[in-house]
Amino acid sequence: MEESRIPLATIAHARSGDKGNHANIAVLAYTPAGFRWLQKNLTAEVVQRYFASLNPSRVVRYEAPNVLGLNFVLYEVLAGGASRSLRIDSQGKTLALALLHLEIKPGVATEAMYRPRPKGKNKGMSEVVTEMMNVFRKTPYQKRKKKA
Amino acid sequence: MSTPTHHSPLTTHHLRIGNGCGFWGDNLDAPILLAQHGRLDYLTLDYLAELTMSILALQRQRDPQAGYATDFLDVLERLAPVLRDQPSLKIVTNAGGMNPTGCATKAQDILRKAGLEDRVVATVTGDDLMPRLDQLISEGHSLANMETSEPLSSIRSRVVSANAYLGARPIGDALKLGASIVITGRVADASLTVGPVAHEHDWAWDDWDRLSAGTVAGHLIECGAQVTGGLWCNWQEAPDLANVGYPIVEIEPSGLFRVTKPPNTGGRVNQETVAEQLLYEVGDPAAYLTPDVSADFTSVSLNETEADVVQVSGARGKPATDSYKVSIAYRDGFTASGMLVVFGADANTKALSGGEIILDRVRRAGWHLEHTNIERLGAGDCVPGVAPAMDAPSYMVSGAKEHRVSSRVHLHEVVLRVSVRDSQKPAVERFAKEFAPLVTSGPPGITGYTTGRPAVREVFAYWPALVDKRAISPNVKLL
């Protein structure tokens, strides 16, 4: 059976910001199992490759196990930073959300990585994204291609 | 320190510090509401982003009385009744910007008019290195760029401001002298919190673990609502963000503290909101460097003790480094950016053509722009080249039908954004004039030209450096 692919948002939340021309993305697992998976699999190389089109000169990963977090610093990724960059997101505010769309294959024990269900009816972002991905996956590729 | 009556016996010795402003331009009512309902000992207000100082420096060049965050004076005026009701409430702010003395003089006028002449105003200065920049260089302080190691001489003639990030100690000194309102120039953001807490709890300036705790507390609240539900990934679970409560830290003498917000406000304080903010704009979380301490953010434990209360414990720190960070801003040409809406079949292709036509016309007019960028917002250019992988979810969010799910090329509506930067102001001015013509002389379906020509503004680039602490003398003055 093929391993199912899920967005990173299913097992982690994140926040990003700027430091001059550099950006940081903090990725925080929802559970210890998720953190162990991220530690092993969400490497600096993976993040550097994912954001290759933004030309980070290097990516350094730090760990903050106390908050089940990995902190990525993406050097020279903002095309000049807050005052000089010509990009709409000159401060890297959206990089975290972009990274949460990374498709991952955490394997069989995925359940233990999901966000514990919050109280109340409102859905969290991870659930919304998962639902969207499910709808997307159910639509056959050929059909999508033809209609597109 | 005040001991409001509704504190529980176990927590009478804690200090409550609330931050009502995360940047210049933040919500104007937040500080008032926070002071009214937060049962605060201290209200902090942070107005300075990395490049705010360059703007303030130019304002002061034009008018020697100007150069500080004027919003603060409006806030202070509105705070007067609260200050009358709460005689022990103190304020610590970096609103002084490039002119703390000018700001403090105006603040004192406001207090006098409000019948609050008993409140002592103090300034913290000494951060402004501009008047002695060449002297510092001649004394061997290279102020080389921290990242590129380039010497400052390469941009010296274009420098408009140079400020050292001072620490918490002069703030603590001002409070010790009896100040109830401390107005600083550039200080490290977290030091606005560390100053009051170190003073009130009588922490030693080499008590690295406690200074680290204070720094974590200051870091968590410095961006205002970002720790109380703002930016939170699971924001749908934060009720009533329109009435979001601004953050309060309740700090024990031991350094243990709780993050919370005033009752009956919107937003959320929980493990997730605090963890996201803990790592916000952080490099190595085990060594967060401020003038006060090298704080280890990986040492703290977060515990949600009750609804909207997160306890933070266990902070460890190491000695501060022997240098201050210096933020230098220099002139770096001119920039402008304009937007138009593109609608109809092949909107994406039309937007790209439209952008190219604009730039081509500037070229034909004889200007070869040094830096240009064409973006199609709505087509994934917010994170260019990364977003295509996100097409499916993003278009599903907008409720689009299945057949549009992967149709990146066949969008029916995008925003065209064209931006340029150039050392020649006339080149950028010419560019700004090419948006209106595109509406009638480009592809069909271009609209949204209602706000006039894009503004041409000067670019101030950022030059981070370090300076030996011994070369800087923070100055505390009571008015």
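The values are calculated or read from the model by the stated rules, or taken from the named source; none is laboratory data. Quick caveat: nothing in here was measured; it's all calculated off a predicted structure. All Cβ positions, even for glycine, are placed from backbone atoms using ideal geometry, and neighbour counts span all protein chains on display. When the accessible area is computed, the model is the full protein with side chains, heavy atoms only, and any ligands, DNA or RNA have been set aside. Shrake-Rupley method; radii C 1.70, N 1.55, O 1.52, S 1.80 Å.
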Q. With every protein chain in place, what's the accessible area of residue A:76 (1.4 Å probe, Å², nearest 10)?
A. 100
Q: With a Förster radius of 45 Å, plug the Cβ-Cβ distance of residue B:479 and residue B:153 into 1/(1 + (r/R0)^6) and report the FRET value to the nearest 0.05.
A: 0.70
Q.
Only sites in a loop by DSSP and with at most 14 other Cβ atoms within 10 Å count here; which trypsin sites (Lys or Arg not before Pro) in the range A:33-104 make the cut?
A. A:58
Q) What average count of beta carbons from other chains do you get within 10 Å of the Cβ of residues in B:291-304? A) 2
Q.
Taking a ≥ b ≥ c as the square roots of the Cα gyration tensor eigenvalues, with a/c under 1.5 meaning rounded and otherwise prolate when a/b beats b/c, else oblate, which class fits the protein assembly as shown?
A. oblate
Q. Given +1 on the Cβ of Lys and Arg, -1 on the Cβ of Asp and Glu, and no further charges, what dipole in debye does chain B carry about its Cα centre, rounded to the nearest 20?
A. 1380
Q: Could you tell me the distance between the Cα centroids of the range B:121-161 and the range A:59-101, to the nearest Å?
A: 28
**Q.** Dipole-positive endmost among B:365, B:312, B:341 within the range B:275-365 (Cβ charges, Cα centre)
**A.** B:365
Q.
Please compute the per residue accessible area over chain B with all protein chains in place, 1.4 Å probe, rounded to a whole number of Å².
A. 40
Q: Give me the net charge of residue B:418's neighbourhood, meaning all other residues with Cβ under 15 Å from the Cβ of residue B:418; Lys, Arg count +1, Asp, Glu -1.
A: +2
Q | Separation between Cα centres of the range B:13-49 and the range B:288-324, rounded to whole Å | A | 20
Q.
Among B:229, B:217, B:116, whose Cα projects farthest towards the positive end of the dipole of chain B, with charges put on the beta-carbon of Lys, Arg (+1) and Asp, Glu (-1)?
A. B:116
Q) Once you list every other residue whose beta carbon is under 15 Å from the beta carbon of residue A:82, what net charge do they have if Lys and Arg are +1 and Asp and Glu are -1? A) -2
Q) Where the centroid of each part is defined by its Cα atoms, how far is the range B:172-197 from the range B:203-277 in Å? A) 19
Q: Would you mind giving the total buried accessible surface between chains A and B, with a 1.4 Å probe and ligands, DNA and RNA left out, rounded to the nearest 100 Å²?
A: 4800
Q) Using alpha-carbon pairs under 8 Å, 6+ residues apart, how would you state the relative contact order of the range B:70-173 in percent? A) 23
